[in-house]
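Working notes, beginning with the structure itself.
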């Protein structure tokens, strides 16, 4: 590993941090802390984008990092915290069932993700080899988190974390999508979050809570 | 120029209706914007038919025979649905189901939805295609929950989460596509442009493209409503306002399928094998079969026709999967006639449910005596969608079945079985709704019948072959050739 440049080692370090944060989110019960973890994940993501930009000398990635920083670290967490306060969920916790089991399932998903990444990453740049597997693992872990949650807000955080995994895949595997696409994706995420915010109030108005079990009545009859 | 008008008008309409969407003339304004968009679509179509494919706007937009026919279809159905929504929404407002604020949201989002559909169709950038389809979900999610009932909130939540997660898979597929293309085309930004990708598709890395296609198919397939990714579709169709059901079935599913077909062309070119085609055939057959049997269990009239949409999307996906000029031709024809017929049915169903004040089929009776035009509209539309001879669905299904017999004989009995089951399931429900004994009051506003019969007339002409030998056939043939 000695001949790997410093910037790349940094990218790998940040990648493993991202994976660790995904697991932390999987186990976090308190909704407000979940949002903080999401913000932290966004910060690490922005840092890794800067590291890739520095190591490959790609200037457009700095814009991408700035976009991540503004959107994922400042705007969305601020918005979610505000929402949590307005909805009175500061101290709300989820009763997660079988955290050890979820962790084990998560481990299995990570192994699967690395298996899936293997045939792809052999065609990539040097950085891609290890990080693409981590990106896929982040996506799968977010999906697992969404399945395990019973509250609307934490499902949305899972959805946003999934998008983080996508951005990480795009920066490390392909060194960033074209700028117009990145802006489009960011716009979609932002509008989506705002619409969901509106939606929370509609759900609460109707059911007096944000438990998703109220939303499980439509069945085939 | 036409393209600027085509994309700019709905965007402008969205902004204008956000301001005046609750005024007394908002419905007319909505229809007017849709009409002018349709005219712009016609102008663009004429230009592409006469002058060949266009690549414009710094290569960001690409219009060929394949997508321009969808542009024409999308803007036409967008316009007729706006005509239908005028009396429909007026009745809903009179009955107190909607507040002015929600009406404004509805009109504004309707125009923005049209914008996302047209952007998805005309863009040359696979990334923007994804962005536009995701934006289409965002514009319609609040329309599905427009009535704010418990059921509509649940349907909208399901729609958002399932389509959001589904389409995120397509984003990953797009990233992988870019990953493969970047090595050939460089990172300059040309590597996501469809025209560039199409030119080098034979040299793209097959392993990466195969994995990318799985993600793309699952992602966009969720929006097409392919089984087993279809769960959001019946709920969203049943709980939203009926004009929204009409555009979801008539437009959104088509455009999502368009995205799948664009991806299939690239991947089939890179793989030098039939793997993508076989995957499409598998998903298509499964959708047809599962939807046909689920049709028997439906009690809600809008759910019934939502499942029918899944069935027809399955048929089209199967046909695109078979590939070849005849099957592609039939698939394009089926896309057109399904879109026209299904939206006509939803127009008739919309007024029928307003007449009966319920969506439960057992409580909708005797439409023919109550309002003969709605009754006949629903009956004729149902016969058309079930593939009865003089209508266009018959022509396209006949073509698909005969091609299947020749090229994929094993699939023919499955298709025939599903079509038979679907026929029985829908006909036994619609027949008493139209011919039974009535028990309801007339509508306060005269229903919008022009769109219903205009669509059915078009479908009839397509089916009788009055139009097919002319311009349209040549056009479809060119498009079918492009898909390969």
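Numbers for the structure displayed
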| quantity | calculated |
| --- | --- |
| Filtered residues of region A:62-94 (kept if over 17 Å from the mean Cα position of the chain (by Cα), without any contact (Cβ under 8 Å) to a residue 24 or more places away in the chain and closer than 19 Å to residue A:48 by Cα) | A:62 |
| Residue that is farthest from residue B:25 (Cα to Cα) [pool: residues in region B:92-104 that are in contact with a helix residue (DSSP H, G or I) (Cβ under 7 Å, 6 or more places away or on another chain) and buried (at least 20 other Cβ atoms within 10 Å of the Cβ)] | B:98 |
| Among the candidates B:418, B:411, residue that is surrounded by fewer than 22 Cβ atoms within 10 Å (Cβ to Cβ) and either in contact with a helix residue (DSSP H, G or I) (Cβ under 6 Å, 6 or more places away or on another chain) or free of Cβ contacts under 8 Å to residues at least 60 places away in the same chain (or both) | B:411 |
| Condition check for residue A:138: in contact (Cβ under 8 Å) with a residue 60 or more places away in the chain, more than 7 Å from chain B (Cβ to nearest Cβ), within 25 Å of residue B:192 (Cβ to Cβ) and surrounded by fewer than 23 Cβ atoms within 10 Å (Cβ to Cβ) | no |
| Helices (runs of 4 or more DSSP H) lying entirely in region B:229-337 (those with 2 or more residues that are more than 17 Å from residue B:69 (Cβ to Cβ) and away from chain A (no Cβ under 14 Å)) | B:242-247, B:253-271, B:275-295, B:301-322 |
| Test: residue B:421 is modelled with pLDDT under 90 and either on the phi > 0 side of the Ramachandran plot or in a helix (DSSP H, G or I) (or both) | no |
| Residue in region B:351-373 that is under 19 Å from residue B:252 (Cα atoms) and within 22 Å of the chain's Cα centre (by Cα) present | no |
| Criterion: at pLDDT below 95 and within 28 Å of residue B:216 (Cβ to Cβ) - qualifying residue of B:93, B:137 | B:137 |
| Residue match in region B:347-357 (condition: assigned to a helix (DSSP H, G or I), closer than 30 Å to residue B:481 by Cβ and touching a residue at least 60 places away in the same chain (Cβ under 8 Å)) | no |
| Count of region B:84-103 residues which are in a helix (DSSP H, G or I) and within 14 Å of chain A (Cβ to nearest Cβ) | 2 |
| Helices (runs of 4 or more DSSP H) contained in region B:108-220 and holding at least 1 residues crowded, with 24+ Cβ neighbours inside 10 Å and facing chain A (nearest Cβ under 9 Å) | B:126-144, B:150-185 |
| Filter result for residue B:50 (surrounded by fewer than 16 Cβ atoms within 10 Å (Cβ to Cβ) and under 17 Å from residue B:473 (Cα atoms)) | yes |
| Residues of region A:168-221 that turn out to be in contact (Cβ under 8 Å) with a residue 40 or more places away in the chain, facing another protein chain (nearest Cβ under 7 Å), part of a helix (DSSP H, G or I) and under 30 Å from residue A:55 (Cβ atoms), as a count | 1 |
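The rows are residues; the columns are (1) closer than 26 Å to residue A:183 by Cα; (2) crowded, with 17+ Cβ neighbours inside 10 Å.
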{"site": "A:24", "(1), (2)": "no, no"}
{"site": "A:51", "(1), (2)": "yes, yes"}
{"site": "A:66", "(1), (2)": "yes, no"}
{"site": "A:80", "(1), (2)": "yes, yes"}
{"site": "A:101", "(1), (2)": "no, no"}
{"site": "A:114", "(1), (2)": "no, no"}
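The values are calculated or read from the model by the stated rules, or taken from the named source; none is laboratory data. All values reported here derive from a predicted model rather than from experimental measurement. Cβ atoms come from the backbone with ideal geometry, glycine included; neighbour counts cover every protein chain shown.
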